[in-house]
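Below: one structure, written as structure tokens.
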Amino acid sequence: MNLDFTQIVPYIPFMLEGILATLKFVIISIFIGLVLGTLLALCKITKTPFLKWLADAYTSIFRGTPLILQLMLIYFAIPQLTGYDITAFLSAILAFGLNSAAYVSEIIRAGILAVDRGQTEAAEALGVPYKPMMLNIILPQALKNILPALMNEFITLTKESAIVSVIGYLDLMRRAQIVGSDIYRNFEPLLFAGLVYWVLVYILTSLGKVVERRLRQSD
């Protein structure tokens, strides 16, 4: 086998810098997806037809089109339509955040509907307003049920972050490609990048299990 990992050793610090670049936009995207996804989920269960239709249409569009297409539309279409020269970083945040919100909204909606209807009826009987009821009673219970699905969505988002390399963002994948072009050997740097992604996913999975265990112990 024609493998020589010694050639990528001088480039390892350069590639490892891509971890911070990756996590920086992934964390922000997760936050956007969680907040916007929660709002969309509440719109989906509301009795207002227009809000429900709007949330369903949003989810249909972002779940029905490829993430890479959404990323490239944002990166290339915004400058063309508005004249604003959007950065690769901001494009990544918008594309991943808006896309994640569509999936998170379905997860949260399912979690809310899974909560015993009696909880809502009891809160309404006691005169608890809708907002405090959702924030203090329904959502905390729903979170315990949907945490594994949410963690899976965040893990998927972390793995799919490699897509941003197509618009030139210097994430882990893009840096591995640059190293491959520099040393004329692509397998070694890509394999190293794959190992780093695996470690990141393993850490996220372990954290998810710890949080899930503590939530169960708090019951």
Quick check: net charge around residue 43, other residues with Cβ under 15 Å of its Cβ, Lys/Arg +1 and Asp/Glu -1? +3
Ranked from fewest to most other Cβ atoms within 10 Å of their own Cβ, 212, 188 fall in the order 212, 188
Compute the whole-percent fraction of alpha carbon pairs in the chain spaced more than 27 Å apart. 45 percent
Of 165, 60, 91, which has the largest mean-square fluctuation in a 10 Å C-alpha GNM of the chain? 60
Let me have the 222 nm mean residue ellipticity of the chain computed from DSSP H runs of 4+ only, each contributing -39500 (n - 2.57), with the sum over all residues rounded to the nearest 500. -26500 deg cm²/dmol
GNM result for the chain, Cα springs below 10 Å: residue of 33, 168, 127 fluctuating most strongly: 127
Pick out which of 104, 115, 128 has the largest mean-square fluctuation in a Gaussian network model of the chain, springs linking Cα atoms closer than 10 Å. 128
What range in the chain is the longest one free of chymotrypsin sites (Phe, Trp or Tyr not before Pro) that are in a loop by DSSP and have at most 11 other Cβ atoms within 10 angstrom? 85-183
Say the dipole of the stretch 21-173 comes from +1 at the beta carbon of Lys and Arg and -1 at that of Asp and Glu; which of 149, 35, 135 then lies farthest toward its positive end? 135
Distance between the stretch 172-219 and the stretch 74-139 - C-alpha centres, whole angstrom: 26 Å
Cross-link pairs beyond the 20 Å C-alpha cut-off, checked among 44/131; 47/144; 131/209; 52/144; 159/209: 47/144; 131/209; 52/144
Treating cross-link reach as a plain straight distance, find the aspartates and glutamates whose alpha-carbon is under 16 Å from the alpha-carbon of residue 24, omitting any fewer than eight places away in the same chain. 160, 171
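Since every read-out is calculated from the coordinates, none of them should be taken as a lab result. Since the model is a prediction, treat every value here as computed from it, not as a measurement. Ideal geometry is used to build each Cβ from the backbone, glycine not excepted, and the neighbour counts take in all protein chains shown.
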